[in-house]
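Peer 1: Below you'll find the structure I mean.
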């Protein structure tokens, strides 16, 4: 339980630097964002023993620091930047610098005390890195194939060569991902369970295992919010606004969207649910998002109960 002497830390992260603020202290400390540069910061935090360290999700720049904090059992919470920025605006803080952001994150940590993220194992960190790299390769392949159609004849051979290399790299990553998951009992268990549902292939399964380790550990509302498919109200007085989805883990949601597109045609439970929504005059995109929400709650229950897909659990 936090007390008046509890230490809360906010860290603003960029590609090259870390700005560190302790709530209630005006001094901002700077460190290099590298394994060597983080070492003195970890020593300082071990000495201060903070109740919580809060960092923003920065698209990957936070991973080295978070992994180091997890290894030393220092509680850390990764928060969406929009929450931090909205918190600053609520206090009338409109200016934005790295040092101001660090102070604001520390204040956010002290005031709201978000739940620390569960530490990731070394295998989980490696799987996440491999899956992230596979996603990057897929994007590069898409870009190169688009360029190939527009390129003059003398340029096409080098693009073809690059596409061939990317395809080989994609296959190599697939092998590494499969080998890693097969050699980790918990990863294999989750992958086998979710793949028993039609619509979930090997790519989606590895994405879920890598980027959604909480699958099977949260209730249906929390897992839907984590993926970013939970509807948010926008009502005021007598006005009933449209429900919209926002937040969550965008990479997981993008992959899961494509899986659900398949599931509504081949998974009997999702297909009937989707058709019922369309019959009730729901827009196709609204119906598809509703199917995503239902699908992730089904998968969550399957992993929780260690049960493969079957009709009974899908209706729970």
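Peer 1: Just one of the numbered conditions (1) surrounded by 13 or more Cβ atoms within 10 Å (Cβ to Cβ); (2) farther than 22 Å from residue 249 by Cβ is not true of residue 212; which one?
Peer 2: Failing condition for residue 212: (2).
A quick yes/no check of all residues on (1) more than 25 Å from residue 206 (Cβ to Cβ); (2) surrounded by fewer than 20 Cβ atoms within 10 Å (Cβ to Cβ):
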site: 256; (1), (2): no, no
site: 260; (1), (2): no, no
site: 265; (1), (2): no, yes
site: 281; (1), (2): yes, yes
site: 286; (1), (2): yes, yes
site: 300; (1), (2): no, no
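Peer 1: Still on this structure, I have one more. Within region 116-137, how many residues turn out to be at pLDDT below 90 and touching a strand residue (DSSP E or B) at 6+ places or on another chain (Cβ under 8 Å)?
Peer 2: Qualifying residue count for the region: 1.
Peer 1: Can I ask one more? Determine which member of the set 126, 145 is loosely packed, with under 15 Cβ neighbours inside 10 Å and either in a helix (DSSP H, G or I) or in contact (Cβ under 8 Å) with a residue 60 or more places away in the chain (or both).
Peer 2: 145
Peer 1: Here's a follow-up. In region 191-206, what count of residues is obtained for those that are under 10 Å from residue 308 (Cα atoms) and either buried (at least 23 other Cβ atoms within 10 Å of the Cβ) or in contact (Cβ under 8 Å) with a residue 24 or more places away in the chain (or both)?
Peer 2: 5
Peer 1: Same structure, new question: Need a quick list: helices (runs of 4 or more DSSP H) entirely within region 177-253 having at least 2 residues that are within 30 Å of residue 82 (Cα to Cα) and either modelled with pLDDT of 95 or more or under 13 Å from the mean Cα position of the chain (by Cα) (or both).
Peer 2: 202-211, 220-227
Peer 1: Looking at region 8-106, what strands (runs of 3 or more DSSP E) fall wholly within it and have at least 1 residues that are free of Cβ contacts under 8 Å to residues at least 24 places away in the same chain and surrounded by fewer than 17 Cβ atoms within 10 Å (Cβ to Cβ)?
Peer 2: Hits in region 8-106: 28-32.
Peer 1: Another question, if that's okay. Does residue 153 fit the bill of being in a loop (DSSP other than H, G, I, E, B) and in contact with a strand residue (DSSP E or B) (Cβ under 9 Å, 6 or more places away or on another chain)?
Peer 2: Numbers: in a loop (DSSP other than H, G, I, E, B): yes; in contact with a strand residue (DSSP E or B) (Cβ under 9 Å, 6 or more places away or on another chain): no.
No, not satisfied.
The values are calculated or read from the model by the stated rules, or taken from the named source; none is laboratory data. Values in this document were obtained by computation on a predicted structure and should not be read as measured data. For neighbour counting, all protein chains shown are included, and Cβ atoms are generated from backbone atoms with ideal geometry for every residue, glycine included.
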